[in-house]
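The values are calculated or read from the model by the stated rules, or taken from the named source; none is laboratory data. All figures in this text were calculated on a predicted structure; none of them were measured in a lab. Note that we place each Cβ from the backbone using ideal geometry, even for glycine, and neighbour counts take in every protein chain shown. Ligands, DNA and RNA are excluded from the accessible area calculation, which covers all protein heavy atoms including side chains. Shrake-Rupley method; radii C 1.70, N 1.55, O 1.52, S 1.80 Å.
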Amino acid sequence: MSWLEKCLQRYKPIVDDWDAFMHACQMPLPRAIWHNPLKASADDVRRLVAARVPEAQIIPWQTLAWRLPPGVKPGLWPEYRLGWIHGQEEVALWAVPLLNAQPGERVLDLCAAPGNKTAQLAVAMQDEGLIIANERRWDRLVSLRHNLERLGVTSALITRHDAARFTWLDGTVPKTPFALGGHGFDKVLVDVPCTCEGTTRKRNMHRRHSVDAYRKSVVQTQKGMLRRALALTRPGGLVAYATCTFAPEENEGVLNSIWPHVAEVVAMAPPAGLRISPGLAAWEGQTYRDDVRNAWRIWPHHNNSGGFFIALLRKLPEPSHMEPATDGHSVAAGGGIS
Amino acid sequence: MSLPTKLDAFQALDDRHVFVITLMEEYGFPSDAFAGWTFWHRCESDAVWIARSEMRPIPGIPTGAFGMMASKNIAQPTRLSASFIQRFGHLASRSTITLNHEGTRMFAAGNRISWPSDESPRHYSIVIGTITASNGEIYHVPVGRGRFERGQLCSDVPKAQRFQL
């Protein structure tokens, strides 16, 4: 048994075709590119890509994106350097379209680097409105800024702050999931740090040390980020929660930690051609709230992609009275939400 | 290196600010070219940023970038960033140079091009490149800032944004 297989063995009960899954996890990941309408016309880019890579396949469920054959390196093309196109993992293209960001909205991207999804947001909003692109790590701010500038984005404010302690635009801190001291965001994207097991096709997992130990610590971080994201969202606003891991603790388990009266996981209709699996109802003895099944699990062997998990949550209106918590959730002293 | 966290770390420039006036006059941008955008001066670094008008700093949160950097120095409105030129350069009607494909190839790679001094009245120019694409189509694209120096046109395109034709 390979090291990778040992690593992923715990998911055998939830994978429909183990051999196909393991095979897919060890194959090189196809590259994908998308057109940037902020800098070039769709017709121009369509013709350029067709001339450069005739074998490039249009990705049917994206506005204008292509899957490239192995070995093609678009990062060296003039069109890439000029910001007419951008490269991104195909499966990761999904998070932003689900949010349906519109021009003029206020959108928060809590874990923004390297800026791929932030740029997608800016394109969806036609670079009109306000995007807060937050990244805590110094070393990742450089790639975030570079990508957004190359793609011609002017609507993004890049910030460096702890995502689980982010504030509203006026700098005030949410005290409860509903208290809107400032202005809530219309949409929030929470593409959290995770164990990245779904990226085995582009990274060597052998280099990762102690995934189990890291998972235990990162789950708390993920819960903190999602709760803060919901606290910063206006009632009726949407939060997209995404990871690139298979671990239910980091996916359904994090969604399950949200109070049902704070947000609901929205049902989403997958487009034709994209094969998704619903979120898990239970894992290792823990049963999750029913609407967690509305989340999408995207397995590598179903769409020749990386592994991905995404859920869309809608912030609910503040209830007229707060019922006492009976499920172990509590509002922490000092204003934090736990 | 620190990031600004205070509201007054950035100051909005109005339309009468010398930076904005000089920029418009030197490059001949139409009066409505930047409608919906605001230029901001980051006081600590002296850089000027262009951002959508809705944007404001968030009190207490360090700001890494405020939209797109337009110029590294408020005292040099003509010394525009390559990103700014690539986004807005097509709107300029003055102080622009159009290079042929070979010139663009040299310029985009960061090289110098011999340029008679009597044809280079200004220190900086917006350089429009001519790119013959792989399908034979010709595109005129703002590539970056050119700098005239001792009879040469020098490419100020940053290393990360250079490319090979």
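How would the stretch A:30-88 be classified by its alpha-carbon gyration tensor: rounded, prolate or oblate, with rounded meaning a/c under 1.5 and the a/b versus b/c comparison settling the rest? In terms of gyration-tensor shape, rounded. The ellipsoid that matches the Cα gyration tensor of the stretch B:7-79 has semi-axes, each √(5λ) in whole angstrom, of 21, 13, 9, with the longest given first. Projecting the Cα atoms of B:Val127, B:Met106, B:Ser95 onto the charge dipole of chain B, computed from C-beta unit charges around the Cα centre, puts B:Met106 farthest toward the positive end. The equivalent ellipsoid that matches the C-alpha gyration tensor of the stretch A:121-162 spans semi-axes of 19, 12, 6 angstrom, in descending order. Restriction of the trypsin sites (Lys or Arg not before Pro) in the stretch B:11-80 to DSSP coil positions whose beta-carbon has at most 10 other beta-carbons within 10 angstrom yields B:Arg16. Shape analysis of the stretch A:183-295 places it in the prolate category; the axes a ≥ b ≥ c from the Cα gyration tensor give an a/c of at least 1.5, with a/b above b/c. Please state the shape class of the protein assembly as shown: rounded when a/c is under 1.5, otherwise prolate if a/b exceeds b/c and oblate if not, all from the C-alpha gyration tensor. In terms of gyration-tensor shape, oblate.
Treating r as the C-beta distance of A:Gln9 and A:Lys73 and R0 as 30 Å, the FRET efficiency rounds to 0.30. Of the trypsin sites (Lys or Arg not before Pro) found in the stretch A:267-307, the ones in coil according to DSSP and having at most 15 other Cβ atoms within 10 Å of their Cβ are A:Arg275. For the stretch B:59-165, the C-alpha radius of gyration divided by 2.2 N^0.38 Å, with N the number of residues, is 1.15.
Rolling a 1.4 angstrom probe over the protein heavy atoms with all chains in place gives the protein assembly as shown an accessible area of 42 Å² per residue. For A:Ile132, the residues 5 or more places off, or on other chains, whose built amide H falls under 5 Å of its own are A:Val107, A:Leu108, A:Asp109, A:Leu157. Near A:Leu169, the amide H atoms lying under 5 Å from its own belong to A:His183; only residues 5 or more places off or on other chains count, and H is placed 1.01 Å from N. The simple Förster model, with R0 at 22 Å and r as the Cβ-Cβ distance, assigns A:Gln286 and A:Gln26 a FRET efficiency of 0.15. The GluC sites (Glu not before Pro) of the stretch B:33-141 that meet both conditions, a loop assignment by DSSP and at most 15 other Cβ atoms within 10 Å of the site Cβ, are B:Glu44, B:Glu137.
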